[in-house]
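Participant: Take this structure, written in structure tokens, and hold onto it; I'll ask about it next.
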Amino acid sequence: TETYAQAKTVLKEALSKYAGFVIVRTVENALKAKGVSEEFKKDCADILAGKKEDKAISILTDISFASEARETRAYGRDVLAAHGNACLKSVNRYIHHPDARTRVDAVEFVAAIDTPEAYAVLCQCLIIGTSQELMKASSIDVPLRDLCTDKLVKGGDKACPGLVSSLGNGNLRKWSNFCLQKISGENFNESDLKSWSAWWKKRQSELQGK
């Protein structure tokens, strides 16, 4: 209602006069109360918008991925996305969440950030093994690894720094190499770090117009 919107605006203006850590702590304590509504969670997301403290980003991440209502989760992610790379560490917790749908949502969110740093996070899911082995090692499964592979290939050049770096990890090498082959059109062996490094150095020069 119009009255509710006006009250919400007044509250936000009042809170803006306090130090950031006070606002974050107040929101955190409020969200711990029983029976918190989904609408209130969205209000909290608005209040935390623009707050750069790690705790603020962590709370926003929880609203974005742990809220019961899909609408609330989507609302939180719209706010959280503005933090870009700063929210990657916090969102990474949900890439390794027990719930499969939550893991997928987190990967989709990270890929949408579309930065080398975001793709580097997804590279850590390129582990070899069966779903049972992946779940034990990193709380992911083969479908999630396949999704990360797809996102990395679509990421193109932005995904390459993380992929080339991941070639140095025996558990990540196979699928990192697969992604690099798809992106580059080259057919270097997964153990041929020298050739891949040379290719990426040349590609960087091309991208910089040198």
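Participant: Looking at Asp157, Asp150, Asp105 in this structure, which one is free of Cβ contacts under 8 Å to residues at least 24 places away in the same chain and in a helix (DSSP H, G or I)?
Facilitator: The match here is Asp150.
Participant: Just to be sure I understand the filter: pairs with C-beta atoms under 6 Å, separated by 6 or more residues or on different chains, first member in region 185-210 and more than 19 Å from Lys154 (Cα to Cα), second member among the polar types (S, T, N, Q) and surrounded by 13 or more Cβ atoms within 10 Å (Cβ to Cβ). Which pairs pass?
Facilitator: Cβ pairs passing all conditions: Phe188/Ser195; Glu190/Asn177.
Participant: Quick check on my filter: what residues within region 130-146 are surrounded by 19 or more Cβ atoms within 10 Å (Cβ to Cβ) and in a helix (DSSP H, G or I)?
Facilitator: Leu134, Leu144, Arg145, listed by residue number.
Participant: If a residue must be assigned to a helix (DSSP H, G or I) and surrounded by 19 or more Cβ atoms within 10 Å (Cβ to Cβ), how many such residues does region 160-172 contain?
Facilitator: Summing the residues that are assigned to a helix (DSSP H, G or I) and surrounded by 19 or more Cβ atoms within 10 Å (Cβ to Cβ) in region 160-172 gives 5.
Participant: Please go through region 66-96 and give me each residue that is surrounded by fewer than 16 Cβ atoms within 10 Å (Cβ to Cβ) and in a loop (DSSP other than H, G, I, E, B), ordered by number.
Facilitator: Answer for region 66-96, where residues must be surrounded by fewer than 16 Cβ atoms within 10 Å (Cβ to Cβ) and in a loop (DSSP other than H, G, I, E, B): Glu68, Ala69.
Participant: Of everything in region 55-101, what is at pLDDT below 95 and in contact with a Ser or Thr (Cβ under 7 Å, 6 or more places away or on another chain)? Give them in sequence order.
Facilitator: Hits for region 55-101: nothing passes.
Participant: Also, I was wondering about something else. What number of residues within region 97-117 satisfy the criterion of being aliphatic (A, V, I, L, M) and buried (at least 17 other Cβ atoms within 10 Å of the Cβ)?
Facilitator: Counting residues in region 97-117 that are aliphatic (A, V, I, L, M) and buried (at least 17 other Cβ atoms within 10 Å of the Cβ) gives 5.
Participant: Can you find even one residue in region 181-203 that is of a type in the set (Phe, Trp, Tyr), modelled with pLDDT of 95 or more, open to solvent by 70 Å² or more (accessible area, probe 1.4 Å) and under 16 Å from Leu126 (Cβ atoms)?
Facilitator: No - not one qualifying residue is present in region 181-203.
Participant: Give the residues of region 72-92 that are charged (D, E, K, R) and more than 21 Å from Lys42 (Cβ to Cβ), sorted by residue number.
Facilitator: Scanning region 72-92 gives a single hit, Lys89.
Participant: Also, quick follow-up: Out of Ala45, Ala14, report the one residue that is modelled with pLDDT under 85, open to solvent by less than 60 Å² (accessible area, probe 1.4 Å), outside any loop (DSSP other than H, G, I, E, B) and more than 27 Å from Ser139 (Cα to Cα).
Facilitator: Going through Ala45, Ala14 in turn, the sole match is Ala14.
The values are calculated or read from the model by the stated rules, or taken from the named source; none is laboratory data. Note that the coordinates shown come from a computational prediction; the quantities given were computed from them, not determined experimentally. All Cβ positions, even for glycine, are placed from backbone atoms using ideal geometry, and neighbour counts span all protein chains on display. Just so you know, the surface numbers come from the protein's heavy atoms only, side chains and all, with ligands and any DNA or RNA stripped out. Shrake-Rupley method; radii C 1.70, N 1.55, O 1.52, S 1.80 Å.
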